[in-house]
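To keep things clear, I will list the structure first and then write my remarks on it.
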Amino acid sequence: MTFSTPAVREVLADRIRAVGLKVTAPRLAVLHTLQNAPHSSAEQVFAGLREELPGTSTQAVYGVLTSFTAAGLVRRFDPAGSPALYECRVGDNHHHVVCVRCGDLRDVDCVIGEAPCLTPSDTSGFSIFAAEVTFTGLCADCQAAVAELEAS
């Protein structure tokens, strides 16, 4: 596994241990991949590490992502029309903005700060602890492309 320095590998290993999980090569590789490619699907994570860990399967990647999500090490979110995406930015109450034309996706800090930042009209008896918000629209490049198409 290619890490920029042994110190980076140790930092990732410490993060895995801190949530009570055993450090394994697939776990290190998945966490390293997500550090370098946030907002990745399981398939994208698998593609990013399969050359370095040829014995790893997509099923193993899904298993690692599931255990990381359950442990709070990574966050899973489900944008409309997209497979589940994973990121290492956890512990805050941020949201996402996605371009409906090209799929560009960015983090957006919550202006309220604390979760949940929205209050449902009816909780149906649930104790609400989070609200996931995804803003959709057109990124600046796609706005320019659409304007150019409309002008011609």
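The values are calculated or read from the model by the stated rules, or taken from the named source; none is laboratory data. Fair warning: this is a prediction, and the values are worked out from it, not measured in the lab. Cβ coordinates were reconstructed from backbone atoms using ideal geometry, including for glycine residues, and neighbour counts include every protein chain displayed.
Here are the numbers for the structure shown:
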| read-out | value |
| --- | --- |
| Any hit, segment 13-27, residues being surrounded by 13 or more Cβ atoms within 10 Å (Cβ to Cβ), farther than 25 Å from Val133 by Cβ, among the hydrophobic types (A, V, I, L, M, F, W, C) and modelled with pLDDT under 95 | yes |
| Of all residues making up segment 96-134, the number that are touching a residue at least 40 places away in the same chain (Cβ under 8 Å) and surrounded by fewer than 11 Cβ atoms within 10 Å (Cβ to Cβ) | 0 |
| Filter pass, Ser67 being small (Gly, Ala, Ser) and surrounded by fewer than 17 Cβ atoms within 10 Å (Cβ to Cβ) | no |
| Members of segment 40-59 found to be modelled with pLDDT under 95 and part of a loop (DSSP other than H, G, I, E, B), listed by number | Arg50, Glu51, Glu52, Leu53, Pro54, Gly55, Thr56, Ser57 |
| Criterion (over 21 Å from Arg76 (Cβ atoms) and under 21 Å from the mean Cα position of the chain (by Cα)) met by exactly one of Cys117, Cys102, Cys110 | Cys102 |
| Segment 91-110, residues that are out of contact with any helix residue (DSSP H, G or I) (no Cβ under 9 Å at 6 or more places or on another chain) and more than 15 Å from Val133 (Cα to Cα) | Gly91, Gly103 |
| Given (1) in contact with a helix residue (DSSP H, G or I) (Cβ under 7 Å, 6 or more places away or on another chain); (2) among the acidic types (Asp, Glu); (3) within 16 Å of Pro26 (Cα to Cα), number of the condition Glu87 does not satisfy | (3) |
